[in-house]
Structure formats: C-alpha cells, structure tokens
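Encoded as structure tokens, the structure appears first; notes follow it.
None of the figures in this text is laboratory data; all of them are computed from the coordinates on show. All figures in this text were calculated on a predicted structure; none of them were measured in a lab. Cβ coordinates were reconstructed from backbone atoms using ideal geometry, including for glycine residues, and neighbour counts include every protein chain displayed.
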Amino acid sequence: MTRHYDPDVDTVVRGIMNGERHMLSRAITLIESQRPEHERKAHEILDRCLAKKTEAIRIGITGSPGAGKSTFIEALGEEIINQGLRLAVLAIDPSSKQSKGSILGDKARMEKLAGRKEAFIRPTASSCYLGGTSPKTHETIILCEAAGYDVIMVETVGVGQSEVLVDSMVDFILLLMLPGSGDELQGIKRGIMEIADAVAITKTDGDQAGIAAISRAEFEAALRMLPAKHSFWQPQVFLTSALTGAGIKEVWQNISMFFAQMRERNTLEERRHQQLKNLLYTLLEERLKREFFSNSEVTGSKEKIEQQVLSGQISPFSGANVLMEAFMNYPRLPTGEQAICSGGNPS
C-alpha cells in the first residue's frame, strides 16, 4: 500500500514561497478543512506566510447572475498575464444547502486561462456563507500573495446586500452588469453600487450595442448620486465584450490607475491594516459561534428551548438569554487544554 505523503509546515511554506502550485493547493485544502489537526497546521502556515509582505492587487468581481463573470475574468486575466503579471483567481461557486457542496463545481470554467502557467485558479464552494465569498477566502488570498501572485481576483457568487463583505478583503470592486439592467438599479444601489470602484457592462457586442449605451448613461447617473467611496476616485462605466475583447484593456488600465493612486497616497498599507483587523474579528466571531454550538450545555438545552419558543411559553429573546447563560456558566478547561471543536449548526 502506498503511504500518503503529508509534508510538514516547513516544506509547505517553502513550496509556497517558491511558487509551487501543488503546495499552494495543499495549503488551501488544509485551510478549508474543519479537522482540528488540519486547522492547527493551517494556522502555522498562515502565520509564516503573513511575514512575507506583498502589495498584490486584490480585485473583487461581482455581478448579477448571467452577467458572464467567468467569461469576463478569463478575458481580463489574459490581458493581465500579457502584461507580464502572475494571476490567481478564486472562483466562488454557490453551495447547495442540502449537500453543502458546490452546485456548479462540475462546470468547465476558464479553460484557456487554466492552461496558462502564470495563472492559478481555485474553485471553492461558498458553504452557504453570506458575503458572496467562502469562509476561508481571505486566508487563501494571503497564501496566494505569499506564493508571488501579482494580481488576485475573487469572483463572488452574485450580487446582493451581503456581497459588500467582499469589500473587506479586496481593494477594488468591479461590478458586472448586463445591457438593459438599468431597472435593477433601485434594488442594488444601496448595497453593491456604493462599494463599486468601476462598472463594466458586459456582452455589449452585436444587437446589444444600443441598449448598452443607454444602460451606461443610467449607471453613470446613478454613480454620481452616491457618496464617494474614495476622495480621489470617481468610478467609471465601461462597455465591454469578452467575445470581441472590446473594453477589456480599458478596464485593466482603470484598475492599474486606481492602484497607482493608492500607492502615491500611501493608502494601500493603511487598507491592508484594516483588512487584517477585519479578518481578526471575523475569525473571532466564527470561533465563538463554533464554541457556542458545540458546547454540551447548549446542545443539551437547545431542543427544549426551541420547543418552548415555538409553543409560545417563552419569547425568542428569553430563549436566547437562557442558552447564553448555559454557555457562559459552563466550566471550561484552562487555555491550551481545550480541543478545537469541529463546528456546529444552529439549525
């Protein structure tokens, strides 16, 4: 029987720093695992990788379903690589609530880009996580930066209010919209429109050209009405076609100009600090939630409290208080002796 090779932390970190894609993939798998021994190893790797300071360009790509995010990313990715840069794409697929697996995981995506040695593409299930990303997206970005990728694109699940969370881990948000989607403005502008640094109207070739021009004017008007996200930046609207390549170069030039201005103003490092702070508290919230729902006192009382709430004996507020008291009063082992729990489900 062939023994499975499990490299130690030093080997994995060294491989990542040397740009070895299989070691990067292995480290991401450890990050996504909920097994306690994998979690501990992943944290060691992340600690080491954070020491390698980089200024990679982090881009979030979001948009309505059907806007052609994957096709657009492939076209933009080709342009980026042709500029002599290395690219990592983190493609987040929606998850099934039943299986927790990726619904589109078997879909062939970005085949041309996947064949380029300068590109690294990692599809990940969202695990029904709000924010349009995966729970481990930010940690994966850190690993890709340590591996020497100059540009990291995060393709989110779709557009919605919760998508604004992706803004806490990237620097530039590109919103993709279809021609004729101006009627969607009212529904999305208070969420994603406020954090968009540029809008690209996709599929503007052929018969769509006239409708696309009208949509562009509508989006430009909407952007002018919103508060400025950055004092130095006015988001622009681009007409693009991944099929013909129209507008792709202009979008990349706009993104490059944005980062040049951030560096001139020394705001990129400040944003990195804010992103790390956001990650700290996101991880704390995740850990606290996990500890809470794996606590024996909580799991032992949860069903009874649920029934009392459903029958009207107590309110949800009182039920939450009872469960919190059970959790807070539960005796804990000294720090270092507690095992890392593998996660719980509140439902």
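In nm, what is the difference between 0.36 nm times the number of residues separating residue 44 and residue 228 and their Cα-Cα distance?
62.3 nm
Output wanted: per-residue J couplings in Hz (rounded whole) for the stretch 304-317, from phi through Karplus 6.51 cos²θ - 1.76 cosθ + 1.60, θ = phi - 60°, x for Gly and Pro.
Along the stretch 304-317, the couplings run 5, 5, 4, 5, 5, 5, 5, 7, x, 5, 9, 7, x, 5 Hz.
Applying the Karplus parametrisation 6.51 cos²θ - 1.76 cosθ + 1.60 with θ = phi - 60° to the phi angles of the stretch 212-229, what ³J(HN,Hα) value in whole Hz is obtained for each residue in order, glycine and proline being reported as x?
Whole-Hz 3J(HN,Hα) from phi for the stretch 212-229: 4, 5, 5, 4, 4, 4, 5, 5, 4, 5, 5, 5, 5, 7, 8, x, 5, 6.
Within the set of other residues whose C-beta is less than 12 Å from the C-beta of residue 252, count the net charge using Lys and Arg as +1 and Asp and Glu as -1.
Working: positive: 249; negative: 78, 79, 250.
Net of charged neighbours comes to -2.
Rounded, prolate or oblate, given the Cα gyration tensor of the stretch 1-52, with a/c below 1.5 counting as rounded?
The shape class here is oblate.
How high is the FRET efficiency from residue 220 to residue 267, r the C-beta distance, R0 25 Å, rounded to 0.05?
0.50
For the stretch 275-328, what class follows from the C-alpha gyration tensor (a ≥ b ≥ c being the square roots of its eigenvalues): rounded when a/c is under 1.5, otherwise prolate if a/b is larger than b/c, else oblate?
Because a/c hits 1.5 or more and a/b exceeds b/c, the stretch 275-328 counts as prolate.
Using each residue's phi in the stretch 230-247, evaluate 6.51 cos²θ - 1.76 cosθ + 1.60 at θ = phi - 60° and report the 3J(HN,Hα) Karplus result to the nearest Hz, with x for Gly and Pro.
Karplus-based 3J(HN,Hα) across the stretch 230-247 equals 10, 5, 9, 9, 10, x, 10, 10, 10, 9, 10, 8, 5, 5, 9, x, 4, x Hz.
Given the pairs 53/229; 117/229; 136/229; 112/289; 112/229; 41/304, which span a C-alpha to C-alpha distance of over 30 angstrom in this model?
On the way: 53/229 26 Å; 117/229 35 Å; 136/229 26 Å; 112/289 41 Å; 112/229 35 Å; 41/304 38 Å.
In this structure, 117/229; 112/289; 112/229; 41/304 lie more than 30 Å apart at Cα.
To make sure I understand, if each residue's beta carbon is the centre and we count other beta carbons within 10 Å, what order do 257, 262, 17 fall in, fewest to most?
257, 17, 262
How do the peptides 54-67, 33-46 rank, highest first, by the average count of neighbouring beta carbon atoms within 10 Å per residue?
So the order, starting with the most tightly packed, is 54-67, 33-46.
Under 5 Å between amide H atoms, partner at least 5 residues away or on a different chain: which partners does residue 314 have, H built in plane at 1.01 Å?
Under 5 Å from the amide H of residue 314: 309.
Take peptides 71-77, 301-307 and line them up by average Cβ neighbours within 10 Å, highest first, as a rough protection proxy. Could the numbers behind the result be given before it?
Values: 71-77: 23.9, 301-307: 14.6.
In descending order of packing, they fall as 71-77, 301-307.
In which sequence would 298, 9, 166 go, from the one with the fewest C-beta neighbours within 10 Å to the one with the most? Walk me through the numbers before you get to the answer.
Values: 298 20, 9 17, 166 25.
If I rank by nearby Cβ atoms, fewest first, I get 9, 298, 166.
How would 251, 151 line up from fewest to most surrounding beta-carbon atoms within 10 angstrom?
The order, fewest Cβ neighbours first, is 251, 151.
Between residue 236 and residues 5 or more places away or on another chain, which pairs have amide H atoms under 5 Å apart, with H built 1.01 Å from N, and which residues are they?
Amide H neighbours of residue 236, under 5 Å, 5+ apart: 199.
Taking amide hydrogens as modeled 1.01 Å from N in the peptide plane, which residues meet the under 5 Å criterion relative to residue 120, leaving out close sequence neighbours?
Long-range HN contacts for residue 120: 87, 88, 89.
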